[in-house]
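Take a look at the structure set out below.
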Amino acid sequence: MTTLPGALPLLGHVPRFARNPLDFLASLSTHGDLVRIKLGPHTAYAVCHPTLVHELLVADRTFDKGGPVYDKLREFGGNGLGTCPAAEHRRQRRMIQPVFHRDRMPDHAQVMCQEIAALTTPWHHGQTLDVPAEMHHLTTAVTVRCLFDAGTDRAGFPTLSSSFGALTTGFTRRLMWPVPAVHRLPTPANRRFERARLHVHRVTDALISDRRAAGADDDNLMSVLIGPDADGVSLSDTEVHDQVLAFLLAGVESAANALSWAWHLIGTHPDVQTRLHAEVDTVLAGRPARLTDMESLELSGRIVTETLRLYPPDSLSTRTTSTDAVLGGHPLPAGASVIYSPYQLHRRADLYPDPDRFDPDRWQDIDRPPPGTWVPFGGGPRKCIADSFSNILATLTLATVAARWQLCPIPGRTVRPGGHAFVVPKGLSMRLHRRPRVCLTSGSVA
Ligand code: HEM
């Protein structure tokens, strides 16, 4: 195991990480497969090799969710499915998994299609589109309707995604500079964070009280949460609140960022865009995409996979060792913080030749990537519960929109990855061009 050079007294590698988190993460593998780094007073171990990442992800009881990051996450977001320790995880996951079962996807896909139509109906030729805002709007509506059977017309919903943005920014600051007094000062940033925190909690409470008033009479997530489990035991109000909040936070941001990056990559690669338009013209012949089109939308699917490789929305995640552990032959003490970064793995030149190039065709003929090499959804027992759901949402959105619209980059605008925990496309606006209609009978362009 090597120690990353260049640690500053007291601060360690925090300034380098804060200045450019993605470059910092991508550079780690040049120092070894397991790299010791200093984050302020804390030592953390960055796992950089796919075999070791796989080992880390499958051993969820040894490499558990805990340590400073999860303590902070629980402080703000409670103890939901994504943050709870392994000891509670199996029970929670068993209860919630049916909501994401393959059999439920036709219903979810129907809602997705309705929301894609609702989003794009007001669009007009020549319009400048704030792509991340539009995609956040879509993923908020889809999450709220599919999981909670609620509408987005309630007060507070339209500004939900900007509150998520303020929350994740503030959260990262609190992690980087863990000095509570600093974050209690009445600065504009701290006030913004507090407003966003209260707003998200209020919306969560409103979703729950609406559903309690209507009764738990179907099989969406909210009904599962407020109804009794197989043993007749119901969750407490706090437990329900934590789960709803966890799904809002996990669902809205990641999917919206992935879709936004996909539009940016398509727009800046005219060859891929032309082929995407050809695919949707052939498969859809002018109609919106449906769940049953997924297999035929091959290139659309590969674009989603390649986008998640280049810009995995969750750039890193952490674990803590619940006991003395061994990883790749290296001993780690109990309580050690362990980091893995999908971004770092996905940019390894030995795994992906010319790794910075957007090339959806690199996925042609690859059925299942080797373990630990493509991990935008994590892996093992804590793998994203909504991986198929997200894949369907992204593919249907790309295909349906591309059938009617071309999203073009605005000359002179620079788009760059921002955010820390989430890889956000900063500065992404695009110009909308209406595509000629495809004739429904012959499939030709009119
Ligand atoms: C492109 C979209 C998405 C990406 C890239 C993504 C990524 C991830 C990743 C990397 C993890 C595991 C983190 C870790 O190892 O610590 C995760 C977990 C999770 N995600 Fe997603 N996610 C996406 C969409 C969603 C959506 C739409 C939802 C909900 C509607 C969701 C809900 C969750 C939950 C609840 C967990 C925790 C699972 C568990 O611990 O059992 N995600 N996601």
Of all DSSP beta bridges in the range 2-434, antiparallel share, percent nearest 5: 85
For residue 150, residues with placed amide H under 5 Å, excluding near neighbours: 145
Rounded if a/c under 1.5, otherwise prolate or oblate - the range 213-348, Cα gyration tensor axes: oblate
Leading residue at positive end of dipole, the chain (Cβ point charges), from 188, 199, 355: 188
Cα centre as origin, Lys/Arg/Asp/Glu Cβ charges: the chain dipole, Debye: 1360
Proximal lysines to residue 65, defined as alpha-carbon separation beneath 24 angstrom and excluding residues fewer than eight positions away on the same chain: 38, 383
Relative contact order of the range 302-372, pairs being alpha-carbon contacts under 8 Å that are 6 or more residues apart, as %: 35
For peptides 268-276, 307-315, sequence by mean Cβ density within 10 Å, most packed first: 307-315, 268-276
Charge tally in the Cβ shell below 15 Å around residue 75, where Lys, Arg are +1 and Asp, Glu are -1, residue 75 excluded: +4
Helix-only mean residue ellipticity at 222 nm for the chain, each DSSP H run of n ≥ 4 adding -39500 (n - 2.57), per residue, nearest 500: -15500 deg cm²/dmol
Projected label distance in nm at residue 368 and residue 124, using a 7 Å step from Cα toward the beta-carbon: 5.1
For the range 1-45 versus the range 363-405, the gap between their alpha-carbon centres in whole angstrom: 30
Cα gyration tensor shape of the range 157-211, rounded if a/c is under 1.5, else prolate or oblate by comparing a/b with b/c: prolate
The range 1-158, relative contact order [Cα under 8 Å, separation at least 6], %: 12
Of 404, 19, 319, the one that fluctuates the most in a GNM where the chain has Cα springs shorter than 10 Å: 19
Gyration tensor verdict on the range 2-434 (Cα atoms; rounded if a/c is under 1.5, prolate if a/b is larger than b/c, oblate otherwise): rounded
Dipole of the range 114-205 [Lys/Arg +1, Asp/Glu -1 at C-beta], most positive-end residue of 123, 142, 165: 165
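Keeping the other protein chains in place, figure out the carbon and sulfur percent of the accessible area of the chain, with a 1.4 Å probe.
For the chain, the apolar C and S fraction of the accessible surface comes to 55 percent.
Averaging the inverse of every distinct alpha carbon separation and then flipping it gives the Kirkwood radius. What is it for the range 128-172, in angstrom units? Provide the component values of the computation, followed by the final result.
Working: mean 1/r = 0.0882 Å⁻¹.
This gives a value of 11.3 Å.
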Average accessible area per residue (Å²) across the chain - probe 1.4 Å, nucleic acids and ligands excluded: 45
Chain lengthening between residue 290 and residue 354 when straightened (0.36 nm per residue, less Cα-Cα): 19.7 nm
Heavy-atom SASA rank of 54, 330 (probe 1.4 Å, accessible area, largest first): 54, 330
Mean separation of Cα contacts under 8 Å (6+ apart) over length of the chain, as relative contact order %: 24
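The values are calculated or read from the model by the stated rules, or taken from the named source; none is laboratory data. The structure presented is a predicted model; accordingly, all values stated were derived computationally and were not measured. Glycine gets a Cβ as well: all are built from the backbone with ideal geometry, and neighbour counts include every protein chain shown. These accessible areas exclude ligands, DNA and RNA; they are computed on the full protein's heavy atoms, side chains included. Shrake-Rupley method; radii C 1.70, N 1.55, O 1.52, S 1.80 Å.
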